[in-house]
Amino acid sequence: MDKLSEDIKAEEKRLYEEYKARLAQIKKVQNEKEAVGQVFTKGLLPLYVLYILSIGSTNGNDISRKIEERTGGMWLPSTGGIYPLLKKFEKENLVVGEWDDVKKKNQKIYTLTEAGIKELQDKKALLKIKMEEALEVFKIIYKDLYE
């Protein structure tokens, strides 16, 4: 093998290793973004869906839209996450879902039950202090990193 071929092989190997390292870095960032998203989806979404339903009965698409409106477009939860949550709430008797047109079954309108209202009140009370603490921690970290 001549010198040129060896140089080409060495450069190919270097580029491949650089590619693998960059790909691993991208995957790490994606995983971190997903973890942050799960805080919203798994932690806050159930509570906020109950809250939205406490304002008035509605369907899953409208719940997503209302959350987007209330958060100024910063959070638009997927209906793919909302509808399974509503089914779970139905099984737990926290909501009642009724078809707007029984024959056509276009959309199901969900209404908070008394048990759902109690669940919302209990979760709000339970999470209030934790949310206040989390906000303070975020303020400290934000200040340390960006100010």
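Every number in this text was worked out from the coordinates using simple rules, so none of it is lab data. All of these numbers come straight from a predicted model, not from anything done at the bench.
So here's what we get for this one:
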{"read-out": "Karplus (6.51, -1.76, 1.60) ³J(HN,Hα), θ = phi - 60°, over segment 76-93, in Hz, Gly and Pro reported as x", "value": "10, x, 6, 5, x, x, 6, 5, x, 5, 5, 4, 4, 4, 4, 4, 8, 6"}
{"read-out": "Gyration tensor verdict on segment 73-138 (Cα atoms; rounded if a/c is under 1.5, prolate if a/b is larger than b/c, oblate otherwise)", "value": "oblate"}
{"read-out": "Taking the chain and dividing mean pair separation by its residue count, relative contact order in percent (alpha carbons under 8 Å, at least six apart)", "value": "19 percent"}
{"read-out": "Too-long pairs where the Cα-Cα distance tops 18 Å, listed order kept, from LYS66/LYS108; LYS66/LYS130; LYS91/LYS130; LYS27/LYS139", "value": "LYS66/LYS130; LYS91/LYS130; LYS27/LYS139"}
{"read-out": "Structure-based [θ]222 nm, the chain - -39500 (n - 2.57) summed over DSSP H runs of at least 4, per residue, nearest 500", "value": "-24500 deg cm²/dmol"}
{"read-out": "Amide proton proximity set for ILE109, modelled H, under 5 Å, gap of 5+", "value": "GLU98, TRP99, ASP100"}
{"read-out": "Å³ per residue enclosed by the Cα convex hull of the chain", "value": "207 Å³"}
